[in-house]
Amino acid sequence: ETIALEKEQSTEPVEPIHYTVEADVTCSDTAIGLLFNATDSKNFYMMQLNIKDQPGKVIFKPHTWKDGAFATYGSHIKDVTGIIGSVEEFATKAAHVKIDVTETTITTFINDQEVDVFTIGETSDQGTTGIPAQVGYLGFRADLTEAGTVDNYKLVDYTNSSDGDIVYNYTFDS
């Protein structure tokens with residue numbers, strides 16, 4: 001006897017969403033990661049700029065966290081050294097990162113150059129998927145060996161306004 005299994009198609013429409021996250025970042029040790037789309041500390045997306053994995057290069061590495069388990073996406077890892085300058089410059093000269101999020105994609109720009117388009121729901125190297133797009137919390141990763149700066153960290157929601165509604169705007173002025 002043969003049993004055919006079919007994945008049930010969702011009949012619920014995906015709610016439209018559109019927002020941007022922007023920040024000016026530097027990295028002086030290992031990596032700097034911008035967290036967004038977060039529901040809590042265990043569920044979010046992170047776009048990381050890493051200077052450790054490939055010495056002499058700045059590597060773009062998207063991650064997701066779902067229920068506390070991290071995931072990576074090897075097909076999206078890219079050398080962005082030419083866009084940023086050099087590892088040495090990146091320690092003191094900020095790169096401007098813009099992340100444009102819709103219900104279906106996350107597009108990342110560094111210094112106004114598109115570097116990646118990530119599909120929401122894409123399968124990770126670990127066989128998992130991230131969480132749905134939403135206007136969530138922002139954050140940045142601070143690890144024992146990771147060091148850098150984040151400034152002008154902002155989230156603007158364009159879902160219901162073409163002018164955008166500023167949700168978060170952190171300038172970290174003293």
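With a 1.4 Å probe and every protein chain left in place, tell me how much accessible area ASP79 has, in Å² to the nearest 10.
80 Å²
Kindly write out, for the range 27-41 in residue order, the coupling ³J(HN,Hα) from the Karplus curve 6.51 cos²θ - 1.76 cosθ + 1.60 (θ = phi - 60°), rounded to whole Hz, with x marking Gly and Pro.
9, 10, 7, 6, 6, 9, x, 9, 9, 7, 6, 7, 9, 6, 6
Give the shape of the range 117-164 as rounded, prolate or oblate, defined through the alpha-carbon gyration tensor: a ≥ b ≥ c are the square roots of its eigenvalues, a/c under 1.5 means rounded, and otherwise the shape is prolate if a/b is larger than b/c and oblate if not. Mind showing how you got there, number by number?
Details: a/c = 2.83, a/b = 1.07, b/c = 2.63.
Since a/c reaches 1.5 but b/c is at least a/b, the shape of the range 117-164 is classed as oblate.
Two decimals is fine: what's Rg over Rh for the chain, C-alpha atoms, Kirkwood radius as Rh? All intermediate terms of the calculation are to be shown ahead of the outcome.
Numbers: Rg = 17.2 Å, Rh = 17.0 Å.
Looking at the chain, the ratio lands at 1.01.
Just need the relative contact order of the range 79-121 here, percent rounded to a whole number, with Cα pairs under 8 Å and 6+ apart.
This gives 30 percent for the range 79-121.
Using the Karplus equation 6.51 cos²θ - 1.76 cosθ + 1.60 (θ = phi - 60°), what ³J(HN,Hα) coupling, rounded to whole Hz, does each residue of the range 56-68 give in order, writing x for Gly and Pro?
Per-residue couplings from phi come out as x, 10, 9, 10, 8, 9, x, 9, 10, 10, 9, 6, x Hz.
Could you tell me which of the pairs LYS93/LYS154; LYS42/LYS78; LYS52/LYS154; LYS57/LYS93 are separated by over 22 angstrom between their Cα atoms in the structure shown? The partial results should precede the final answer.
Numbers: LYS93/LYS154 19 Å; LYS42/LYS78 25 Å; LYS52/LYS154 27 Å; LYS57/LYS93 15 Å.
Beyond 22 Å between Cα atoms: LYS42/LYS78; LYS52/LYS154.
How much mean residue ellipticity at 222 nm does the chain get from its helices, if each DSSP H run of length 4 or more adds -39500 (n - 2.57) and you divide by all residues, to the nearest 500 deg cm²/dmol?
Values: 2 runs with 8 residues, N = 174.
Taken over the chain, the calculation gives -500 deg cm²/dmol.
How much of the accessible area of the chain, in percent, comes from carbon and sulfur atoms when a 1.4 Å probe is used?
Result for the chain: 48 percent of the exposed heavy-atom area is carbon or sulfur.
Convert each backbone phi in the range 162-170 into a coupling constant with the Karplus relation 6.51 cos²θ - 1.76 cosθ + 1.60 (shift: θ = phi - 60°), then list the ³J(HN,Hα) values in order as whole Hz, x for Gly and Pro.
5, 7, x, 10, 6, 8, 9, 8, 9
Would you mind classifying the range 95-174 by shape? Square roots of the alpha carbon gyration tensor eigenvalues, ordered a ≥ b ≥ c; an a/c under 1.5 is rounded, otherwise it is prolate if a/b is larger than b/c and oblate if not.
Values: a/c = 1.66, a/b = 1.11, b/c = 1.49.
Oblate shape, in that a/c is at least 1.5 and b/c is the bigger or equal ratio.
Would you pull out the residues with amide H under 5 Å of ILE77's amide H, same chain only if 5 or more places away, H placed 1.01 Å from N?
Under 5 Å from the amide H of ILE77 lies no amide H from a residue far enough along the sequence or on another chain.
Just to confirm, what accessible area per residue do you get for the chain at 1.4 Å probe, in whole Å²? Please report the intermediate quantities before stating the final value.
Working: 9780 Å² over 174 residues.
Result: 56 Å² of accessible area for each residue.
Using only Cα atoms, locate the centre of the range 131-161 and the centre of the range 43-81, then give the distance between them in Å, rounded to an integer.
Distance between centres, Cα-based: 15 Å.
Out of residues 5 or more away from PHE140 or on other chains, whose amide H comes under 5 Å of its own, with H placed 1.01 Å from N in the peptide plane?
Hits under the 5 Å cutoff: LEU35.
5 Å is the cut-off here: which amide hydrogens, built 1.01 Å from N in the peptide plane, fall below it relative to ALA31, excluding neighbours closer than 5 in sequence?
Distant-sequence amide H within range of ALA31: ILE51, ALA147.
The values are calculated or read from the model by the stated rules, or taken from the named source; none is laboratory data. Here the structure is a predicted model, which is why all the values come from computation and not from measurement. Quick note on the areas: whole protein, heavy atoms, side chains included, nothing else; ligands and nucleic acids left out. Shrake-Rupley method; radii C 1.70, N 1.55, O 1.52, S 1.80 Å.
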